[in-house]
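Everything on this sheet refers to the single structure shown next.
The values are calculated or read from the model by the stated rules, or taken from the named source; none is laboratory data. Please read these numbers as outputs of a predicted model, since none were measured by experiment. Glycine also receives a Cβ, built like all others from the backbone with ideal geometry; neighbour counts cover every protein chain displayed.
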Amino acid sequence: MTAAPHDLRTIRTELEAGTTTVSALVERSLARSAERASLNAFLELFPESARVKAFEVDQKLRAGTAGPLAGLTLGLKDNICYKGHRVSASSRMLEGFTSLYSATVVERLLAADAVIVGRTNCDEFAMGSSNENSAFGPVGHPGQEHMVPGGSSGGSAAAVAANMCLASLGSDTGGSIRQPASFCGVVGFKPTYGRISRYGLIAFASSFDQIGPFAHTVQDAARLYEVMAGADPRDSTTSRRPVEPVPATHPGKLRIAWYRECLEHPGMDPHIKAHLQATIDRLKTEGHVVEPIDLPLLDQFVPTYYILATAEASSNLARYDGVHIGHRSSRATNVDDTYRLSRSEGYGREVQRRILLGTFVLSAGYYDAYYAQGQRVRRLIRDNTVRALEQYDLVITPTCPTTAFERGAITDPVAMYLQDIFTVQANLAGVPAISIPAGIHPNGLPFGLQLMAAPFAEAKLLAAARDVFGG
Ligand code: GLN
């Protein structure tokens, strides 16, 4: 079997030349997914609906009425609803649950003629950085299977990297698109908070969550973004600002900042650090203005995120009580036990830990000390971040301090939380951020670099990622 092309433009050329069909591309995607089943990237393939959709898109191509995503095979993170298909958030709590409606993003992608080939594994309720927290087994790194692919959208990143589908969707609450993108060597993009509807996304921390794409190229991520973005009456937090298309032209000379505190961070891998320094030098040589700036409160980013995100999670996950929705214990004989046993059996350890932590920081005696204080620090971080992004077109950072690590290597939850050190800022501030493949480490594993831009500056961010950073 010949390798599938890695970008939509090439695929469209082949479709137009008649050398392939959408049905053939879907068969190749299904076959490739079966071939690499040991990665555990897909929890389930949707061959029937994928074949029906592919047939429809092939007909539309012949009639000249196909949408902009015709030819694109897509993996859906298992926390995004697709009517009539299962969705579980990789949790026993929702095992066997079938979506009653489709997420807005799913409706828009199908309307643009993408074909959804299956649902991808992730950390339970999107909580994690290694995809080891799935109730349905960990995901392997596509390059070295005993390593982790990152998380929480590990299955989505691995599926694209291993060419099981052309693109996929993830959700990013604290880095869950960008960190696995960095680990797996693909593009991962989190738009501005409110740019893409969260309707039909299983909520983790509602003031942070954003859906975004994984792809091999920035151009393909941009195409998916353009289809998904924009106001949605079913999500009141979506912005009504018009979605600017990503310009086809080079963005020209840019003002780019980098944070001293990130590069000097003690956890930074020396090779990734040297690579970033070389990138900064190259950008200067090319005539961009590149300047170091300070990043106040870096040490507060992760604690602030984990206080606020767990608080929101404890509230969002209260609905899965075994009574109205979710797993119900067969051992319970009274009301109290129904709640206690259903939630103890339905949730894994990490989810339980976060519900406890979130309930604690919201409790009457500790609310002011933790939750209210966290909100104040978040505002400071947001203001500092947005101020810098008003003075510069972009800020460049490493996506993660290291490459992928071995499965089982990080057992301390706090050490795992520190994975998010460079990614949570964009979620705390609500700004758009992208991870693009930067290079291959001497250890053989890929790593990414992260670009952030001002709120709603996606068009500029994506054009720069494509033309200035070669993503
Ligand atoms: N790793 C972070 C967490 O565990 C981010 C998760 C995410 O973005 N969904 O909370």
(message) Condition check: touching a Gly at 6+ places or on another chain (Cβ under 8 Å), among the small types (G, A, S) and crowded, with 24+ Cβ neighbours inside 10 Å. Does S91 satisfy that?
(response) yes
(request) Within the stretch 366-394, count every residue that is assigned to a helix (DSSP H, G or I), touching a strand residue (DSSP E or B) at 6+ places or on another chain (Cβ under 9 Å) and not aliphatic (A, V, I, L, M). (result) 2
(message) Is it the case, given these coordinates, that R382 is among the charged types (D, E, K, R), surrounded by fewer than 20 Cβ atoms within 10 Å (Cβ to Cβ) and more than 16 Å from the ligand (Cβ to nearest atom)?
(response) yes
(request) Collect the residues in the stretch 407-440 that are buried (at least 24 other Cβ atoms within 10 Å of the Cβ), away from the ligand (no atom under 11 Å from the Cβ) and of a type in the set (V, I, T), keeping them in residue-number order. (result) V431, I434, I436
(request) Quick one: count up the residues across the stretch 168-192 that are aliphatic (A, V, I, L, M) and touching an Asp or Glu at 6+ places or on another chain (Cβ under 6 Å). (result) 0
(message) Between a residue in the stretch 117-132 that is without any contact (Cβ under 8 Å) to a residue 60 or more places away in the chain and any residue that is outside any loop (DSSP other than H, G, I, E, B), which pairs come within a Cβ distance under 7 Å, given they are 6 or more apart or on different chains?
(response) C122/K77; C122/G154; C122/G155; N131/G154; N131/G155
(message) Within the stretch 185-204, does at least one residue satisfy the condition of being farther than 20 Å from L39 by Cα, among the aliphatic types (A, V, I, L, M) and in contact with a strand residue (DSSP E or B) (Cβ under 7 Å, 6 or more places away or on another chain)?
(response) yes
(message) Of the residues V105, V117, only one is touching a Ser or Thr at 6+ places or on another chain (Cβ under 6 Å), buried (at least 24 other Cβ atoms within 10 Å of the Cβ) and within 26 Å of G230 (Cα to Cα); which?
(response) V117
(request) Of the conditions (1) surrounded by fewer than 18 Cβ atoms within 10 Å (Cβ to Cβ); (2) at pLDDT 95 or above; (3) closer than 25 Å to H441 by Cα, E291 clears all except one; give me its number. (result) (3)
(message) List the residue pairs whose Cβ atoms are under 6 Å apart, where the first residue sits in the stretch 254-276 and is modelled with pLDDT under 95, the second is aliphatic (A, V, I, L, M) and surrounded by 16 or more Cβ atoms within 10 Å (Cβ to Cβ), and the two are 6 or more positions apart or on different chains.
(response) E261/L295; E261/L298
(request) Select from the stretch 299-324 the residues that are among the aliphatic types (A, V, I, L, M) and touching a residue at least 60 places away in the same chain (Cβ under 8 Å) and write down the one among them that is surrounded by the fewest Cβ atoms within 10 Å (Cβ to Cβ). (result) V302
(request) Starting from residues that are of a type in the set (S, T, N, Q), within 9 Å of the ligand (Cβ to nearest atom) and farther than 23 Å from L276 by Cα, keep the ones in the stretch 134-186 and report whichever is surrounded by the most Cβ atoms within 10 Å (Cβ to Cβ). (result) S153
(request) Could you tell me which of the residues G408, G471, G444 is in contact with a helix residue (DSSP H, G or I) (Cβ under 8 Å, 6 or more places away or on another chain) and either of a type outside the set (S, T, Y) or modelled with pLDDT under 95 (or both)? (result) G471
(request) Hand me the list of helices (runs of 4 or more DSSP H) wholly inside the stretch 212-321 holding 1 or more residues that are more than 29 Å from G154 (Cα to Cα). (result) 260-263, 270-285
(request) Answer yes if at least one residue in the stretch 182-192 is polar (S, T, N, Q), under 12 Å from the mean Cα position of the chain (by Cα) and under 29 Å from V243 (Cβ atoms), and no otherwise. (result) yes
(message) Yes or no: the stretch 329-343 includes at least one residue that is out of contact with any strand residue (DSSP E or B) (no Cβ under 6 Å at 6 or more places or on another chain), among the aromatic types (F, W, Y), in a helix (DSSP H, G or I) and farther than 30 Å from L428 by Cα.
(response) yes
(message) Being within 22 Å of the chain's Cα centre (by Cα) and either touching a residue at least 40 places away in the same chain (Cβ under 8 Å) or surrounded by fewer than 18 Cβ atoms within 10 Å (Cβ to Cβ) (or both) is the requirement here; does E345 meet it?
(response) no
(request) From R86, R51, R36, grab the single residue that is surrounded by fewer than 18 Cβ atoms within 10 Å (Cβ to Cβ), basic (K, R) and out of contact with any strand residue (DSSP E or B) (no Cβ under 7 Å at 6 or more places or on another chain). (result) R51
